[in-house]
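So the structure is just underneath, and the comments pick up after that.
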Amino acid sequence: MGWLWAIIVGFVLGLIAKAVLPGKQHSPLWLTTIFGILGAVVGNAIARGFGVEETAGIDWWRHLFQIVAAVVIVALGDRAYMATLGKRKQRA
């Protein structure tokens with residue numbers, strides 16, 4: 001069940017990150033989901049480092065760190081995707 005939640009959270013975070021970023025992102029949905037999962041993991045690690053891993057009620061700080069990490073990872077990942085595989089697809 002943990003993997004299913006990771007995929008769902010990664011999917012949602014990836015979509016939020018794509019919505020926040022200006023312009024069009026070219027990475028496919030499956031890759032955006034992976035970027036979102038990585039954003040959740042990195043965001044949790046940053047929250048743990050700041051000592052806000054778990055709070056009473058809703059973990060707003062942890063979620064904020066996850067979203068920011070997902071935005072950064074989606075932006076960098078999309079740029080890397082376009083630099084490698086994306087150019088080949090545009091030529092075809």
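Considering only protein heavy atoms and a 1.4 Å probe, what is the carbon-and-sulfur percentage of the accessible area of the chain?
Carbon plus sulfur share of accessible area: 72 percent.
Give a residue-ordered list of calculated ³J(HN,Hα) values for segment 61-76 (Karplus: 6.51 cos²θ - 1.76 cosθ + 1.60, θ = phi - 60°; whole Hz; x for Gly, Pro).
5, 4, 5, 4, 4, 5, 5, 4, 5, 5, 4, 5, 5, 5, 5, 5
Kirkwood hydrodynamic radius, computed over distinct alpha-carbon pairs, for the chain: how many Å, to one decimal?
Averaging 1/r across every pair of different Cα atoms and inverting gives 13.6 Å.
Keeping every protein chain in place, order PHE35, PHE50, PHE11 by accessible area at 1.4 Å, biggest value first, i.e. largest first.
PHE50, PHE11, PHE35
Multiplying the sequence separation of LEU29 and LEU85 by 0.36 nm and subtracting their Cα-Cα distance, what value in nm do you get?
18.7 nm
Could you size up the charge dipole of the chain around its Cα centre, putting +1 on the beta carbon of Lys and Arg and -1 on that of Asp and Glu, and report it in debye to the nearest 20?
680
Let me have the relative contact order for the chain, percent, based on Cα pairs under 8 Å that are six or more residues apart.
34
How many Å² of accessible area per residue for segment 23-74, probe 1.4 Å?
Per residue, segment 23-74 has an accessible area of 60 Å².
Can you find, among ILE58, ILE16, GLY77, the residue sitting farthest towards the positive end of the charge dipole of segment 15-92, where Lys and Arg contribute +1 and Asp and Glu -1 at Cβ?
Towards the positive end, the residue furthest out is GLY77.
Taking θ as phi - 60°, what are the ³J(HN,Hα) couplings along segment 20-28 by the Karplus curve (6.51, -1.76, 1.60), each to the nearest whole Hz, with x for Gly and Pro?
Coupling constants for segment 20-28: 6, 5, x, x, 9, 9, 9, 5, x Hz.
The values are calculated or read from the model by the stated rules, or taken from the named source; none is laboratory data. In this text, all values refer to a predicted model and were calculated from it rather than measured experimentally. As a convention, Cβ positions derive from the backbone with ideal geometry for all residues, glycine included, and neighbour counts pool all protein chains shown. We work out accessible area using only protein heavy atoms, side chains counted, and drop any ligands, DNA or RNA first. Shrake-Rupley method; radii C 1.70, N 1.55, O 1.52, S 1.80 Å.
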